[in-house]
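None of the figures in this text is laboratory data; all of them are computed from the coordinates on show. Treat the numbers as computed from the prediction; the structure is a model and nothing was measured. Cβ: placed from backbone, ideal geometry, glycine included. Neighbour counts: every protein chain shown.
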Amino acid sequence: MVAVNDANTKHMFDNRYGTGQSTLDGVIRATNVLLAGKVLVVAGYGYCGKGVASRARGLGAQVVVTEIDPLAALEAAMDGFRVEPMAEAAREGDIFITVTGNRDVIREEHFKVMKDGAILANSGHFDIEIDLPSLAALAASGPRQVRPMVDEYVVEGAGGDSARVAVIAEGRLVNLSAAEGHPASVMDMSFANQALSVEWLVKSREQLKPQVYTVPAEIDASVAKLKLEGMGISIDTLTREQEEYLSSWTVGTR
């Protein structure tokens, strides 16, 4: 087995640019919400989260990132995003997008403090990132379909005030449920990795043990090279002297 999802030409592009664009496409199609000026909370700052956060900022949203990984949180902060625990972000967010790959990222204590009109969407693995059973149990009414793909719950907050909370596509992958998924022009690299990795497995089967392998570096590089050629982009190559320098240790500060 080959872990294609770990290839650079998969997660750096498909996850970041594909998920980033198609997720916001799904949110906008489903709700027609204006992102400019809204507080948009991105749960998870992996490559998918990075893409969503970057594109949301480009559309004028004030982006808040929630994380459990200190390295990812630090990266988000140094990328210029506010980083907060979900308990804090839940109080100020207008739009919430989960992209963690984990469960119950937004749950009962978060629903209780949300603004009236908050919009929830998931672009992570499965429909368990938003704890919908808890939301349904908490709601005074709902779900009520207010638009195609959008269900509204009325939640009584901690202070006694009620708030409408909208969930897109029943918490399922919003970029597939409410939009058309990733554009083919970024999925092509993922599919190329899959095809070339299968070819490599077949040709190398006599030397391979039963285990999970990473995509060979030469396949990753060749996919990037082919993509550049398809985009009409040329890059530099090393001179002989540069190659020698990079592989040597004798040249340096004296």
Looking at segment 102-254, send over the antiparallel percent of its DSSP beta bridges, to the nearest 5. 70
May I ask which of Lys10/Lys209; Lys50/Lys203; Lys50/Lys225; Lys10/Lys115 have a Cα-Cα span longer than 26 Å here? Lys50/Lys203; Lys10/Lys115
In Å and from the alpha-carbon atoms only, list the Rg and Dmax of segment 149-232. 22.3, 67
For the chain, the longest principal axis of the Cα atoms and the Cα long axis of helix 184-204 enclose an angle in degrees, to the nearest 10, of 50
What is the distance, in nm, between label points placed 7 Å from the Cα along the Cα-to-Cβ direction at Ala77 and at Val33? 2.6
In degrees, nearest ten, helix 217-230 long axis to first principal axis of the chain (Cα): 80
Give me log10 I(q)/I(0) at q = 0.12, 0.20 Å⁻¹ for segment 20-140, Debye formula, one equal scatterer per alpha-carbon, no solvent. -0.37, -1.10
Rounded to the nearest 500, what is the 222 nm mean residue ellipticity of the chain from helices alone, with -39500 (n - 2.57) per DSSP H run of 4+ residues and division by all residues? -11000 deg cm²/dmol
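By its C-alpha gyration tensor, with a ≥ b ≥ c as the square roots of the eigenvalues, how is segment 184-246 shaped: rounded for a/c under 1.5, else prolate for a/b larger than b/c, else oblate?
The shape class here is oblate.
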How far is helix 20-31 tilted, in degrees, relative to the longest principal axis of the Cα atoms in the chain, given as a value from 0 to 90 rounded to the nearest 10? 20
Distance between modelled label sites at Val146 and Ile128, nm, 7 Å Cα→Cβ extension: 2.9
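Might you report the magnitude of the Cβ-based charge dipole of segment 184-246 about its Cα centre, with Lys and Arg at +1 and Asp and Glu at -1, to the nearest 20 debye?
The dipole of segment 184-246 has a size of about 340 debye.
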Both in Å, the radius of gyration and Dmax of the C-alpha trace of segment 26-81 are 11.3, 34
Tell me the Rg and the Dmax, in Å, that the Cα atoms of the chain produce. 22.0, 76
Going 7 Å from the Cα of Met231 toward and past its Cβ, which residues in segment 12-44 have a backbone nitrogen under 17 Å from where you end up? 12-22
If R₀ is 22 angstrom, what is the calculated FRET efficiency for the pair Glu109 and Ser162, using the beta carbon separation as r and rounding to 0.05? 0.85
Taking placed amide H atoms and a strict 5 Å upper bound, the residues 5 or more places from Phe96 or on another chain that come that close are Val41, Ile119, Leu120, Ala121
Counting DSSP beta bridges in segment 12-177, what percent are antiparallel, to the nearest 5? 40
Among Thr19, Thr31, Thr239, which one shows the highest mean-square fluctuation when the chain is modelled as a Gaussian network with alpha-carbon springs under 10 Å? Thr239
Once you place label points 7 Å from the Cα toward the Cβ at Glu218 and Ala184, how far apart are they in nm? 3.0
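Give, in nm to one decimal, the length gained when the segment between Met12 and Glu244 is fully stretched (0.36 nm per residue of separation minus the Cα-Cα distance).
Length gained, Met12 through Glu244: 80.5 nm.
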Mean separation of Cα pairs under 8 Å and 6+ residues apart, divided by the residue count of segment 12-177: what relative contact order is that in percent? 21
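How do Lys225, Lys115 rank when sorted from fewest to most other Cβ atoms within 10 Å of their own Cβ?
By the 10 Å Cβ count, ascending: Lys225, Lys115.
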What's the local net charge at Met231, with K and R +1, D and E -1, over the other residues with C-beta under 14 Å away? 0
Segment 110-254, Rg to Rh (Cα coordinates; Rh as Kirkwood inverse mean 1/r): 1.25
